[in-house]
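> Have a look at this one.
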Amino acid sequence: MSKLPLVLRELHRSETSLARDLLAVADRHQVDHEIFHVGRDIAAWSQTHVRLLSEIGHDHGLELDPAPRWTVPALSSLTRRLSTATVHRPESGLLLLADLRRVHRKAAGVSLDWELLAQSAQAMRQGELLALAQSCHPRTVRQMKWANAHLKASSPQIIAS
């Protein structure tokens with residue numbers, strides 16, 4: 001019996017988690033416009049991946065939520081106000097580094113999941129799944145590279161100050 005449904009379910013879970021983390025990072029660091037706007041933009045990629053996985057999961061007997069709850073509205077509002085209030089505190093820089101490390105690790109995991117799906121789909125001649133993996137995986141790699149680039153650019157100033 002094929003384990004593709006397990007792979008699809010795990011990918012759906014990990015993409016959902018990555019989208020939530022990206023949105024949370026964007027909210028927590030809204031005073032940094034690059035983090036806020038690009039973070040929200042690339043979170044939308046994961047949201048699209050979740051929807052596509054839900055659609056294709058139906059063909060494999062899965063009921064995956066195409067639009068899970070992405071944020072907690074009250075908490076999101078509070079986080080934004082806290083971000084503005086703590087912008088000049090040294091801890092906010094360390095929090096940014098910790099957030100970007102988490103996003104990078106999570107995107108790396110999602111990237112591996114897409115690779116596993118692509119390899120399995122190719123071996124099992126599942127053209128639709130292979131096309132999905134080939135379409136979504138590059139965006140996940142870009143999410144990982146975005147976090148890595150910000151870590152490299154921000155860490156010297158934050159750590160040295």
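> How do Leu130, Leu94 stack up against each other in accessible area, from largest to smallest, with a 1.4 angstrom probe? Don't skip to the end; give the middle numbers.
Details: Leu130 35, Leu94 100 Å².
The residues order as Leu94, Leu130, largest area first.
> Which length gain, in nm to one decimal place, applies between Arg81 and Ala131 when the Cα-Cα distance is subtracted from 0.36 nm times their residue separation? Please list the in-between numbers first.
Numbers: separation 50, 0.36 × 50 = 18.00 nm, distance 4.17 nm.
Once the chain is fully extended between Arg81 and Ala131, it gains 13.8 nm.
> Moving on to the next point. Run the reach check for Lys3 against aspartates and glutamates, Cα to Cα strictly under 20 Å, same-chain hits fewer than 8 apart removed. What comes back?
By straight Cα distance, Lys3 reaches Glu15, Glu55, Asp59, Glu63, Asp65, Asp113, Glu115, Glu128.
> Now for a different question. Calculate what fraction, in whole %, of the accessible area of the chain sits on carbon and sulfur atoms when a 1.4 Å probe is rolled over the protein chains.
57
> Mind checking the full-extension length gain between Val38 and Ile159? Use 0.36 nm per residue of separation minus the Cα-Cα distance, one decimal, nm.
Details: separation 121, 0.36 × 121 = 43.56 nm, distance 2.33 nm.
Net length gain for the segment: 41.2 nm.
> Continuing with the same structure: Of the GluC sites (Glu not before Pro) in the range 2-75, which ones lie in a loop per DSSP and count no more than 16 other C-beta atoms within 10 Å? If you can, show how the numbers build up before the last one.
Details: sites: Glu10, Glu15, Glu34, Glu55, Glu63; in loops: Glu63.
Listed in order of number, the matching sites are Glu63.
> Just from its helices, what would the mean residue ellipticity at 222 nm be for the chain, if runs of 4 or more DSSP H residues each count -39500 (n - 2.57) and the sum is divided by every residue, rounded to the nearest 500 deg cm²/dmol?
-29000 deg cm²/dmol
> Which FRET efficiency value, to the nearest 0.05, is calculated for Asn148 and Leu52 with the Förster distance at 30 angstrom and r the Cβ-Cβ distance?
Numbers: r = 25 Å, r/R0 = 0.83.
Once the sixth-power term is evaluated, E becomes 0.75.
> In Å², what does the accessible area per residue of the range 3-160 work out to with a 1.4 Å probe? Don't skip to the end; give the middle numbers.
Numbers: 8670 Å² over 158 residues.
On a per-residue basis, 55 Å².
> Take Trp45, Trp114 and sort them by solvent-accessible surface of the protein heavy atoms, 1.4 Å probe, largest at the top.
Trp45, Trp114
> What's the longest uninterrupted piece of the chain once you rule out the trypsin sites (Lys or Arg not before Pro) that are loop residues per DSSP with at most 15 other Cβ within 10 Å? Show your work: numbers first, answer last.
Numbers: sites that count: Lys3, Arg69, Arg125.
With trypsin sites (Lys or Arg not before Pro) excluded where exposed in loops, the chain gives 4-68 as its longest stretch.
The values are calculated or read from the model by the stated rules, or taken from the named source; none is laboratory data. Please read these numbers as outputs of a predicted model, since none were measured by experiment. Don't worry about glycine lacking a Cβ; one is built from the backbone with ideal geometry, like all the others, and counts go over all protein chains shown. Quick note on the areas: whole protein, heavy atoms, side chains included, nothing else; ligands and nucleic acids left out. Shrake-Rupley method; radii C 1.70, N 1.55, O 1.52, S 1.80 Å.
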